[in-house]
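A short write-up of the structure that comes next.
Every number here is computed from the coordinates shown, using simple stated rules; none is lab data. All of these numbers come straight from a predicted model, not from anything done at the bench. Because the Cβ atoms are built from the backbone with ideal geometry, glycine has one as well, and the counts that use them run over all protein chains shown.
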Amino acid sequence: MKYWLSHHGQSLWLALKRLLRNPFASTLNIGVIGIALSLPAGLYVLLDNLESLSRQVSSEPQISLFLSMQATPADVAQIQTRLKDHPGVRQFQFVPRDKALRELQKTAGIGDAVQSLTQNPLPDAFIIQAKNSSAQGLEALRSEISSWPNAAHVQLDSLWAQRLEAFLRLGKLVILLLAILLSIALVAVTFNTIRLQILTQRDEIEVAKLIGATHRFIRRPFLYFGALQGLAGGVIAWVIVAVSIEVLGKAIGDLTRLYTISFQLSHLNMSDSGSLVLFSAWLGWLGAWLSVSRHLRQIEPR
């Protein structure tokens with residue numbers, strides 16, 4: 001056990017020396033890994049923040065029923081009765097046109113324009129919450145209410161939220177495909193780097209085989225090298241994402257405050273940060289393992 005730990009320590013130290021022996025090439029490889037991984041990681045953070053923002057601004061799905069301007073109090077009472085007796089309506093709220101105008105006057109930026117109107121242009125309205133909040137159920141209820149007398153316009157208020165959720169699902173799929181493609185590319189980069197190292201140390205490997213060194217013994221320093229290179233690339237990717245969030249955070253916060261929303265970009269949490277760095281290290285290890293396993297079989301003592 002002591003010998004096993006000692007050899008692992010020596011292999012790790014040898015890999016670190018190889019990494020520092022050629023700082024320019026090592027920096028380029030680590031930079032390539034970091035930049036490539038920062039793209040899917042940054043998009044993941046962006047979608048995660050968009051999802052958080054959608055939860056903050058979205059509410060329970062509602063249907064807005066706007067009555068015609070010619071609707072009388074009797075018509076309003078009739079619709080109230082139909083909504084009360086409807087099996088698909090959980091609850092509703094009547095918004096008189098005068099109340100709607102007063103609320104509109106309180107809106108920043110347009111209060112003066114509303115006060116200059118000679119008459120109220122807003123109709124009476126009902127805000128309806130359905131028992132079935134699925135997209136199909138809401139659309140069916142909206143279509144039914146649209147056919148009622150004096151129903152000028154019926155709007156599904158959560159439609160934008162459903163579209164945003166569909167966009168987020170598509171974005172996550174795109175990020176997954178992008179991460180897979182870039183991971184394959186990074187494995188290929190590490191594969192080629194280790195191949196060049198093996199070729200430059202061919203004579204040393206042949207001597208090691210002559211004195212009885214196993215493939216596992218020879219492979220170990222190269223695996224540590226690939227893992228260290230991937231680990232450093234993952235740290236660089238995390239730094240790129242963190243700096244980008246800091247740069248964009250203030251601008252996005254100022255923009256959302258214009259829409260009366262308090263929102264700030266959030267960083268990768270500890271779990272996601274650790275996953276990013278460890279995944280990058282694993283990619284480096286995998287590329288090194290594939291390269292060493294392939295090329296060691298081709299090197300035999302002369």
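Under the simplified labelling scheme, the W148-T200 pair shows an inter-label distance of 7.8 nm, with each label point 7 Å from Cα along Cα→Cβ. Listed peptides 278-288, 33-43 appear in the order 278-288, 33-43 once ranked by packing, highest mean of other Cβ atoms within 10 Å at the front. Here the extension length gained between L176 and F24 equals 51.6 nm, from 0.36 nm per residue of separation less the Cα-Cα distance.
Computing FRET efficiency as 1/(1 + (r/R0)^6) for Q78 and Q136, where r is the C-beta to C-beta distance and R0 is 25 Å, gives about 0.35. Sequence-ordered 3J(HN,Hα) estimates for the stretch 10-19 from the Karplus curve with 6.51, -1.76 and 1.60 and θ = phi - 60° stand at 5, 5, 5, 5, 5, 5, 5, 5, 5, 5 Hz, glycine and proline given as x.
Order 230-243, 66-79 from most to least packed using the mean count of other Cβ atoms within 10 Å. Walk me through the numbers on the way to the answer.
Working: 230-243: 21.3, 66-79: 14.4.
The packing order, highest mean first, is 230-243, 66-79.
In terms of packing, defined here as the mean over residues of other Cβ atoms within 10 angstrom, the peptides 164-172, 218-226 line up highest first as 218-226, 164-172. Taken along the Cα-to-beta-carbon direction at a fixed 7 Å, the label points for F94 and S244 span 5.4 nm. The stretch between Q70 and F217 holds 44.0 nm of extra length on full extension. This uses 0.36 nm per residue minus the Cα-Cα distance.
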